[in-house]
Amino acid sequence: MNNSSEYVPPKVWIWDKESGGKFANMNRPIAGAIHEADLPVGKHPLQLYSLGTPNGIKVTILLEELLSLGYEGAEYDAFLINIGKQEQFSSGFVEINPNSKIPALVDTSIDPSIRIFESGAILVYLAEKFGEFLPIEPSARAECMSWVFWQMGSAPYLGGGFGHFYAYAPDKNEYAINRFAMEVKRQLDVLDRNLESREFICGHEYNISDIAIHAWYGSLLLNNLYDSSEFLQVESYKNLERWSKDIAERPAYKRGSLVNRRPNGPKDKSILERHDASDIKL
């Protein structure tokens with residue numbers, strides 16, 4: 001250790017298990033399972049293993065949208081993966097997602113069953129499977145896919161960057177917070193400008209790009225992430241605010257955003273797991 005306030009990196013990085021802040025027990029520099037445990041299997045065609053984070057609710061919101069259109073094949077069991085208990089490192093979970101991150105989906109309607117991991121990949125898979133929320137026309141499809149991948153590339157700056165240093169890091173680091181806040185505000189401006197002439201991200205039709213982006217940036221605008229709305233002055237992004245509020249009023253959004261979450265108080269209708277439509281009570 002250096003006694004000055006400035007951190008001097010060693011020649012070779014060493015894993016300090018005690019320096020990870022709030023999530024120290026779930027971050028590690030190696031992959032693979034650390035304990036043996038099978039995943040539960042429910043009765044529905046789609047088996048989801050997740051947690052109600054922004055990445056997790058992307059999938060449950062899309063599934064609820066598909067169910068609202070009458071697709072019985074979109075029925076799903078949503079099992080909670082408690083990352084605080086390191087369930088993402090179980091042998092069963094690693095088998096369906098070697099990256100040990102939620103969400104992960106298994107489609108049992110096909111023999112042999114198919115595993116899909118990474119939230120963006122799951123959105124595309126489900127949209128293609130049911131032929132909904134992903135345009136067919138080449139230019140519209142390209143626009144949609146561009147925005148989905150924009151979200152996948154941009155959100156780490158919001159979550160692992162800004163969110164971590166602003167809300168979770170053991171020490172407040174001015175440089176890190178300012179650097180990531182600047183990037184997040186640039187991203188918010190990108191979205192706000194795009195939505196100036198568009199009802200939804202890609203135009204006049206709601207699709208998986210809206211679901212993917214709203215899970216992170218809509219949640220931020222609605223002050224559901226990091227308690228940072230005042231700090232980032234999110235109310236100044238009027239087009240983005242309008243879009244965020246409009247999507248939050250969709251019935252499928254209201255249902256899907258409750259899944260795999262621990263209730264916070266008696267009025268919170270969140271549910272840890274979903275195995276039947278009646279589990280969700282609005």
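The values are calculated or read from the model by the stated rules, or taken from the named source; none is laboratory data. Note that the coordinates shown come from a computational prediction; the quantities given were computed from them, not determined experimentally. Neighbour counts are summed over all protein chains in view; Cβ atoms, including those assigned to glycine, are modelled from backbone coordinates with ideal geometry.
Points to keep in mind about this one:
- Number of the exception - Arg193 against (1) closer than 27 Å to Val124 by Cα; (2) assigned by TED's automatic domain parsing to the domain that holds Val59; (3) of a type in the set (D, E, K, R): (2)
- Here Leu195, Leu191 are screened, and the one residue that is at pLDDT 95 or above and either within 18 Å of the chain's Cα centre (by Cα) or within 21 Å of Thr60 (Cβ to Cβ) (or both) is Leu191.
- Residue match in region 231-245 (condition: surrounded by 15 or more Cβ atoms within 10 Å (Cβ to Cβ), under 16 Å from the mean Cα position of the chain (by Cα) and modelled with pLDDT of 95 or more): yes
- Condition check for Leu221: among the aliphatic types (A, V, I, L, M) and either assigned by TED's automatic domain parsing to the domain that holds Leu188 or buried (at least 19 other Cβ atoms within 10 Å of the Cβ) (or both): yes
- Looking across region 91-114, just one residue is over 19 Å from Asn55 (Cα atoms) and either touching a Ser or Thr at 6+ places or on another chain (Cβ under 9 Å) or modelled with pLDDT under 95 (or both), and that is Ile114.
- Flag for Gly256 being small (Gly, Ala, Ser) and either in contact with a His (Cβ under 6 Å, 6 or more places away or on another chain) or touching a residue at least 12 places away in the same chain (Cβ under 8 Å) (or both): yes
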